[in-house]
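Have a look at the structure below before the remarks.
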Amino acid sequence: MEPLYIGLSGVAGSGKDTFFSYLEKILNNKKIKRYSFGDQLKKEVSPWTLEHYGVDSLTKDREDKEIIRPFLIFHASAKRQKTKGKYWIEKTEEEIEKTLQLGKEFYPEIICITDVRYNFYECDEVSWIKRKGGIIVYISRVFEDGSILEAKNSEEQKHDPLVRRVADYTVEISEKNNEEDIEKEMTDKTNVFLQWLKTKKWKM
């Protein structure tokens, strides 16, 4: 059976990786595998940013990431424009194929792309996932006053609405400080999502 493709979308900081971590925790890591277009970008430019900026693009350091963020956005966008959205998709497909070539016993039941941001070109990230029979989950972060985390740059402001309007499922994550509250909310919302999947053609 072919794996189900799930694309997680939402502005930076909305909680896409957090939602994935709970999916992974509940399903267990044998059933779900994470991929990211951004990972392919960082791998590609890592030697260059290290040489020219003294910063490895694979770093987890927030300050270092901010230093090279403009370059990452520019490079990613240039490659997208040159290939009409296909470049990072093809890079990610190569990584997925490496997993699938290991044999069916290694197949994940779910392939989760944690940074789906574009629905602009005919063959863009959203349409790629949809053509594979997959779904788009839109995630937003909601603050105590009811406001929602907004896009942080012009690129997000332009493209996020195009993805959000075609989402198959939405998740709102509350801004909380208490770890127990976070754990309960995320566990509940992840389970609700998995129950929703069971009502569709995707059987978990």
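The values are calculated or read from the model by the stated rules, or taken from the named source; none is laboratory data. Quick caveat: nothing in here was measured; it's all calculated off a predicted structure. A quick note on method: Cβ atoms are made from the backbone with ideal geometry, for glycine too, and the neighbour counts reach across all protein chains shown.
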Does residue 140 qualify as being crowded, with 17+ Cβ neighbours inside 10 Å and out of contact with any helix residue (DSSP H, G or I) (no Cβ under 7 Å at 6 or more places or on another chain)?
yes
Being in contact with a strand residue (DSSP E or B) (Cβ under 8 Å, 6 or more places away or on another chain), surrounded by 21 or more Cβ atoms within 10 Å (Cβ to Cβ) and among the small types (Gly, Ala, Ser) is the requirement here; does residue 36 meet it?
no
Which one of the conditions (1) over 26 Å from residue 191 (Cα atoms); (2) under 16 Å from the mean Cα position of the chain (by Cα); (3) in contact (Cβ under 8 Å) with a residue 60 or more places away in the chain does residue 167 fail to meet, given that it meets all the rest?
(1)
Every residue in region 167-204 that is loosely packed, with under 14 Cβ neighbours inside 10 Å and either among the hydroxyl-bearing types (Ser, Thr, Tyr) or under 20 Å from residue 118 (Cβ atoms) (or both), please.
187, 199
Among the listed residues 46, 21, which satisfies the condition of being surrounded by fewer than 18 Cβ atoms within 10 Å (Cβ to Cβ), closer than 20 Å to residue 174 by Cα and modelled with pLDDT of 95 or more?
21
Within region 142-164, the count of residues that are of a type outside the set (A, V, I, L, M, F, W, C), over 22 Å from residue 69 (Cα atoms) and touching a residue at least 24 places away in the same chain (Cβ under 8 Å) comes to 2
With 13, 7 as the choices, which residue is touching a residue at least 12 places away in the same chain (Cβ under 8 Å), within 19 Å of the chain's Cα centre (by Cα) and either loosely packed, with under 15 Cβ neighbours inside 10 Å or over 30 Å from residue 166 (Cα atoms) (or both)?
13
Filtered residues of region 166-204 (kept if in contact with a strand residue (DSSP E or B) (Cβ under 9 Å, 6 or more places away or on another chain), part of a loop (DSSP other than H, G, I, E, B) and not small (Gly, Ala, Ser)):
166, 168, 175, 200, 202, 204
Confirm whether residue 30 is at pLDDT below 95, of a type in the set (D, E, K, R) and either surrounded by 17 or more Cβ atoms within 10 Å (Cβ to Cβ) or part of a helix (DSSP H, G or I) (or both).
no
Within region 73-132, considering residues that are of a type in the set (S, T, N, Q), surrounded by 14 or more Cβ atoms within 10 Å (Cβ to Cβ) and assigned to a loop (DSSP other than H, G, I, E, B), the one nearest to the chain's Cα centre (by Cα)
114
If I filter region 164-201 down to residues being over 21 Å from residue 11 (Cα atoms) and of a type in the set (Val, Ile, Thr), which single residue comes out as modelled with the lowest pLDDT?
199
